[in-house]
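Okay, so here's the structure we're looking at.
The values are calculated or read from the model by the stated rules, or taken from the named source; none is laboratory data. Just so it is clear, the model here is predicted, and its values are computed rather than measured. Glycine gets a Cβ as well: all are built from the backbone with ideal geometry, and neighbour counts include every protein chain shown.
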Amino acid sequence: MTADALPASLRERVLAAARELRAPGRTLPDVPDISPVEAYRRAADAFLGLLTALADDVWRRPVLRDLDVAGLVGHLTGVEDDVQRALAGDRDVACADHVASTQPAAEHAATASPAEVRAAWRAATGRTLERVRGADLTAEVRVHGMALPLGALLVVRAFELWTHENDVRRAAGLPASVPDPATLRRMTELAVELLPVGVARVSDPVTPVDVHLVLTGAGGGTWDVEVGERSAPVPEVAIVADAVGFCRLVASRITPADLGAHVSGAAGAADAVLAGAAALALD
């Protein structure tokens, strides 16, 4: 007895049905897509919720560089001010240093009351949201040495707010927070997109490699990333890691060793890739 030949179109029908259930590279259960504006709004709301709950004495605790909590919030207010200047076409902030440009705001906040610092930051984020609602998210914005589409910049801002929220939590003795899955998905997508840029910052020259990156958990996914120029076949490496942990690495809050990634293939290339991820951090 011989088996009947399978229909020639069977493979395409199966793949089409699978794609209807889940886009390639997405996790199950899938998370809803949200706009960069919404991701930024959620991160700002989460940070505000933390600030509202802090006791006054926590605001004077050291948290990052030479800043206390109030100074860090002042730094973030300064960042919002510079973003708004960039959106208004001010070229002076295009190449301004991320830390030095915001230092006056940080120093002012260090001498103000917690209520004043919190109100100034809340007003600044409100102005940013007012400017970006309905704006062209593909328009390029230049600020602090970055030239990014507005949508990407808003995700960068969400990333920084979440990072510094956890800096404050650590200073206050509170448990770390995790972004909601939809915001986390935006963050992982952008981090993966910028990964070749990070590798170029730490590798000279860049060794070409094909990276298969799997970030597990809600908000994760699967990506194939080409790093470096290639004129011939290049090594391949597969990296599997927790999505939240990867974002902590991108924020330079943990080391590649702390990430505990599972690596197969060109292990040496994986070291450069993970170091490049950490090099994407702003501060």
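Restricting to region 116-173, name every residue that is among the polar types (S, T, N, Q) and in contact (Cβ under 8 Å) with a residue 40 or more places away in the chain.
Those that are among the polar types (S, T, N, Q) and in contact (Cβ under 8 Å) with a residue 40 or more places away in the chain: 125, 128, 163, 166.
Here is a check on your reading of the model: is residue 112 surrounded by fewer than 20 Cβ atoms within 10 Å (Cβ to Cβ), more than 25 Å from residue 175 (Cα to Cα) and assigned by TED's automatic domain parsing to the domain that holds residue 171?
Yes, satisfied.
With respect to residue 123, is the statement that it is aliphatic (A, V, I, L, M), in the same structural domain as residue 62 (by TED's automatic domain parsing), more than 21 Å from residue 283 (Cβ to Cβ) and part of a helix (DSSP H, G or I) true?
Judged against the criteria, residue 123 is a match.
Among the listed residues 54, 87, which satisfies the condition of being outside the structural domain of residue 211 (by TED's automatic domain parsing), modelled with pLDDT of 95 or more, touching a Lys or Arg at 6+ places or on another chain (Cβ under 7 Å) and crowded, with 18+ Cβ neighbours inside 10 Å?
87
Looking at region 240-280, which of its residues are of a type in the set (Gly, Ala, Ser), closer than 19 Å to residue 160 by Cβ and touching a residue at least 60 places away in the same chain (Cβ under 8 Å)?
Scanning region 240-280 gives 251, 276, 277, 278, 279.
So how many residues does region 155-189 have that are farther than 17 Å from residue 219 by Cβ, surrounded by fewer than 17 Cβ atoms within 10 Å (Cβ to Cβ) and aliphatic (A, V, I, L, M)?
Final tally of qualifying residues: 1.
Would you mind stating whether residue 73 is touching a Pro at 6+ places or on another chain (Cβ under 6 Å) and under 20 Å from residue 158 (Cβ atoms)?
no
Which of the residues that make up region 161-192 are more than 26 Å from residue 225 (Cβ to Cβ) and of a type in the set (Asp, Glu)?
Across region 161-192, the qualifying residues are 165, 167.
Between 188, 128, 138, which is over 14 Å from residue 37 (Cβ atoms), modelled with pLDDT of 95 or more and hydroxyl-bearing (Ser, Thr, Tyr)?
On inspection, the qualifying residue turns out to be 188.
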